[in-house]
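Worksheet: the structure to be examined is printed underneath.
The values are calculated or read from the model by the stated rules, or taken from the named source; none is laboratory data. What you see is a predicted model, and the numbers here were worked out from it, not measured in a lab. We place every Cβ from the backbone using ideal geometry, glycine too, and count neighbours over all the protein chains shown. For accessibility, only protein heavy atoms count, side chains too; no ligands or nucleic acids. Shrake-Rupley method; radii C 1.70, N 1.55, O 1.52, S 1.80 Å.
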Amino acid sequence: MCGIVGYIGQRNATGVIISGLKRLEYRGYDSAGLALYSSRRQALVRVRAVGKIAGLVSRIETDLPDHADPDYTLGVGHTRWATHGAPTEANAHPHLSRNGEFAVVHNGIIENYAALKERLIRKGYIFTSETDTEVLAHLVEECYEGDLHCAVAAALEQVEGTYGIAVVGSRHQGLIIAARKGSPIAIGAGQSEAIVASDISAIIGYTKQVVFLNDEDIATITAETLDIASLKNVPVSRALTHIDSNLDQIEKGGFEHFMLKEIHEQPQALANAIRGRLLEKDGTTRLGGMQMTSAEIARISHISIAACGTSYYAGMVGKYLFEDLAGLPTDIEQAAEFRYRNPIIEPDTLMLAISQSGETADTIAAVREALRKGATVLGICNVVGSTIARDTGRGVYLHAGPEIGVASTKAFTAQVAVLAMLAIIFGRARRLSGSKGRELVRELTRAPAIVAAMLEEEGAIKVIAEKYARSEHMFYLGRGYMYPAALEGALKLKEISYIHAEGYHAAELKHGPIALLDEHVPVVVAVPDLPGKSKTISNMQECRARGSSVIAIATSGDDEAISSCNDVIRVPRCLEFLAPIPVVIAEQLLAYHIARFRGCPIDQPRNLAKSVTVE
Ligand code: AGP
């Protein structure tokens with residue numbers, strides 16, 4: 001996600017901010033910028049650039065030749081991972097107020113920015129970006145009456161959503177205002193200097209004494225002092241924490257691998273994916289990026305999904321969702337097939353291109369083929385401004401945050417959540433009733449909690465992983481919504497542990513592959529307490545009769561399934577349409593711990609790339 005670095009003190013702020021932003025590069029970003037107070041000009045100066053920090057440094061050297069002067073002792077910087085608005089220089093932070101006296105850097109999402117923006121435009125404020133953040137810069141100017149702390153507090157009182165911000169003002173060259181609500185802000189207290197950052201990796205090079213803000217805290221920071229208050233200006237005290245972890249540990253959030261960190265980020269990633277998109281009262285969801293009218297939605301008679309790898313398996317879940325919840329015939333195809341087999345696309349076909357990176361070559365080609373045939377195409381991507389997002393011009397962003405581990409985890413579960421929200425919209429344009437829609441929306445609201453409960457099973461999963469870590473072959477079985485979950489589970493194991501794993505439909509096993517089973521081939525069976533469970537339990541017994549050990553992924557408390565296996569991974573109970581989410585998280589953790597026991601390089605498996613940008 002985005003990164004914030006602010007500095008006030010005796011050093012050259014440019015150097016501190018740039019080195020701090022470099023520490024945050026691992027979080028993923030697509031543009032960067034900084035604003036400094038120039039005592040010579042008695043004004044704020046700002047430099048921004050699309051792409052990597054190296055590009056920003058070049059721009060600084062060109063636009064601000066005196067940037068290394070010792071009088072630049074105050075500033076804020078930002079690395080942006082685009083959410084609202086493509087990764088352009090105009091959208092890069094910091095954002096300035098209309099009068100140029102205030103600069104704001106912001107992490108988070110301002111949900112009511114459109115209404116605030118409309119009011120400010122009516123008052124004559126001129127916007128130069130598509131971002132929600134720019135609203136804050138103008139609000140600070142609007143609220144300013146001489147006290148920067150009060151102006152920022154008054155501005156934040158009007159904001160709904162999440163924020164982690166740092167603000168500087170040209171009339172207040174001795175201080176930085178920082179605040180948080182839902183997006184972390186840490187303040188490093190050094191010797192006659194302070195560093196504000198969204199992540200302590202930017203701080204620990206200068207000091208290990210850090211204060212973490214709580215939600216709705218607002219801090220007034222000078223080189224010598226730190227005063228924290230509530231938005232209502234009630235003083236609060238926050239403990240000083242001594243940081244003793246090293247940089248590598250911090251970038252991974254204390255986890256051993258990015259993959260494990262991202263597995264554990266899934267409650268937050270899902271909360272971000274559904275934030276502001278669930279309309280429980282109306283029993284539906286709102287996905288503004290679709291840019292489709294109700295009439296256009298109602299006219300769609302067929303859905304075609306194209307994707308690769310894990311995204312393809314998410315698309316398979318999508319097929320069940322659209323046919324189950326919306327009664328819409330849905331095809332799912334590997335993008336490489338779609339692009340070459342002259343697909344049948346009618347004017348009332350909706351194509352969904354699912355891609356975490358938005359840069360997968362086969363999926364890009366499938367999008368262009370569908371567009372050539374006049375289809376309505378939506379991109380379901382995680383990376384804002386990616387090629388697929390730009391080619392389609394509309395779609396739904398996952399908001400799952402950067403996915404660094406090559407093995408896709410949080411993107412899959414966010415894709416399933418987005419597909420479920422889409423299916424509800426299309427269902428409510430057809431036969432899905434308001435009451436059924438409300439039930440589905442309420443269950444989606446529970447998704448982060450369901451995932452958090454699933455993650456609590458990690459210890460039990462680790463024990464099972466060690467037991468089977470030396471296997472050379474494994475099968476994954478499932479039926480219905482669990483069939484794509486089985487395929488995804490097999491892929492996770494294959495790609496990070498190098499064990500030969502095969503996903504199969506539970507009922508299909510006896511049509512041949514069961515010949516492969518013996519005591520050396522364990523079988524993972526996705527068998528939550530859903531329709532068809534008893535038939536899958538029969539398949540489990542068929543496997544055990546051939547000597548295979550069966551690892552059941554079963555609903556907590558479901559004694560029938562639990563008594564039919566050798567080992568069990570318990571998943572929280574949830575409605576069928578969301579069941580792939582906890583089941584696949586169980587499979588992610590199983591694959592991770594098996595790979596870890598085998599000593600595999602989990603974040604960068606051999607032969608694999610995070611984004612397959614070639615055919
Ligand atoms: C999944 O763990 C793999 N990294 C791979 O299958 C990936 O899902 C596939 O390459 C598609 O990538 P995309 O979602 O970025 O298009």
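Inspection of region 48-58 identifies at least one residue that is more than 29 Å from the chain's Cα centre (by Cα) and surrounded by fewer than 21 Cβ atoms within 10 Å (Cβ to Cβ). Here G379 qualifies as modelled with pLDDT of 95 or more, more than 22 Å from D282 (Cβ to Cβ), within 15 Å of the ligand (Cβ to nearest atom) and more than 15 Å from the chain's Cα centre (by Cα). Right, L325: open to solvent by less than 30 Å² (accessible area, probe 1.4 Å), more than 15 Å from the ligand (Cβ to nearest atom), in a strand (DSSP E or B) and at pLDDT 95 or above or not? Judged against the criteria, L325 is not a match.
Listed by position, the helices (runs of 4 or more DSSP H) enclosed by region 430-528 that each have at least 3 residues that are open to solvent by 50 Å² or more (accessible area, probe 1.4 Å) are 434-455, 458-468.
Total residues in region 328-346 satisfying the condition of being open to solvent by less than 60 Å² (accessible area, probe 1.4 Å) and either farther than 23 Å from S611 by Cα or out of contact with any strand residue (DSSP E or B) (no Cβ under 6 Å at 6 or more places or on another chain) (or both): the figure is 6. Identify the residue in region 59-82 that is open to solvent by less than 30 Å² (accessible area, probe 1.4 Å) and assigned to a loop (DSSP other than H, G, I, E, B) and, among all such residues, is farthest from I195 (Cα to Cα). Looking at residues that are open to solvent by less than 30 Å² (accessible area, probe 1.4 Å) and assigned to a loop (DSSP other than H, G, I, E, B), I get A82.
I'm trying to understand the selection: among the residues of region 274-308, which are within 16 Å of the ligand (Cβ to nearest atom) and either within 18 Å of the chain's Cα centre (by Cα) or among the β-branched types (V, I, T) (or both)? Answer for region 274-308, where residues must be within 16 Å of the ligand (Cβ to nearest atom) and either within 18 Å of the chain's Cα centre (by Cα) or among the β-branched types (V, I, T) (or both): just I305. Checked against the criterion of being open to solvent by 60 Å² or more (accessible area, probe 1.4 Å), out of contact with any helix residue (DSSP H, G or I) (no Cβ under 9 Å at 6 or more places or on another chain) and charged (D, E, K, R), the candidates R606, R570, R598 yield just one match: R606.
A quick yes/no check of all residues on (1) touching a residue at least 12 places away in the same chain (Cβ under 8 Å); (2) closer than 25 Å to A469 by Cβ; (3) in contact with a Leu (Cβ under 7 Å, 6 or more places away or on another chain):
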position: R544; (1), (2), (3): yes, yes, no
position: S549; (1), (2), (3): yes, yes, no
position: I553; (1), (2), (3): yes, yes, no
position: G557; (1), (2), (3): yes, no, no
position: C565; (1), (2), (3): yes, yes, no
position: P572; (1), (2), (3): yes, no, no
position: E576; (1), (2), (3): yes, no, yes
position: P582; (1), (2), (3): yes, yes, no
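Note on region 392-415: residues that are out of contact with any Cys (no Cβ under 9 Å at 6 or more places or on another chain) and within 13 Å of the ligand (Cβ to nearest atom) total 15.
Tally the residues that are closer than 23 Å to E134 by Cα, outside any strand (DSSP E or B) and aromatic (F, W, Y), restricting the search to region 12-54. Result for region 12-54: 1. Among the residues in region 336-358, are any within 16 Å of the ligand (Cβ to nearest atom), of a type in the set (A, V, I, L, M) and either modelled with pLDDT under 95 or over 15 Å from L378 (Cα atoms) (or both)? There is at least one residue in region 336-358 that is within 16 Å of the ligand (Cβ to nearest atom), of a type in the set (A, V, I, L, M) and either modelled with pLDDT under 95 or over 15 Å from L378 (Cα atoms) (or both). Given the options A370, A361, A366, name the one that is among the hydrophobic types (A, V, I, L, M, F, W, C), within 11 Å of the ligand (Cβ to nearest atom), open to solvent by less than 10 Å² (accessible area, probe 1.4 Å) and touching a residue at least 60 places away in the same chain (Cβ under 8 Å). After applying the criteria, what remains is A366.
Looking at region 581-594, can you tell me whether even one residue there is among the polar types (S, T, N, Q) and under 23 Å from the mean Cα position of the chain (by Cα)? Among the residues of region 581-594, at least one is among the polar types (S, T, N, Q) and under 23 Å from the mean Cα position of the chain (by Cα), which makes the answer yes.
Flag set for Y312, criterion: within 16 Å of the ligand (Cβ to nearest atom) and open to solvent by 30 Å² or more (accessible area, probe 1.4 Å).
Listed conditions (1) of a type in the set (A, V, I, L, M, F, W, C); (2) over 25 Å from Q268 (Cβ atoms); (3) in contact with a Ser or Thr (Cβ under 9 Å, 6 or more places away or on another chain) are all met by A155, apart from (3).
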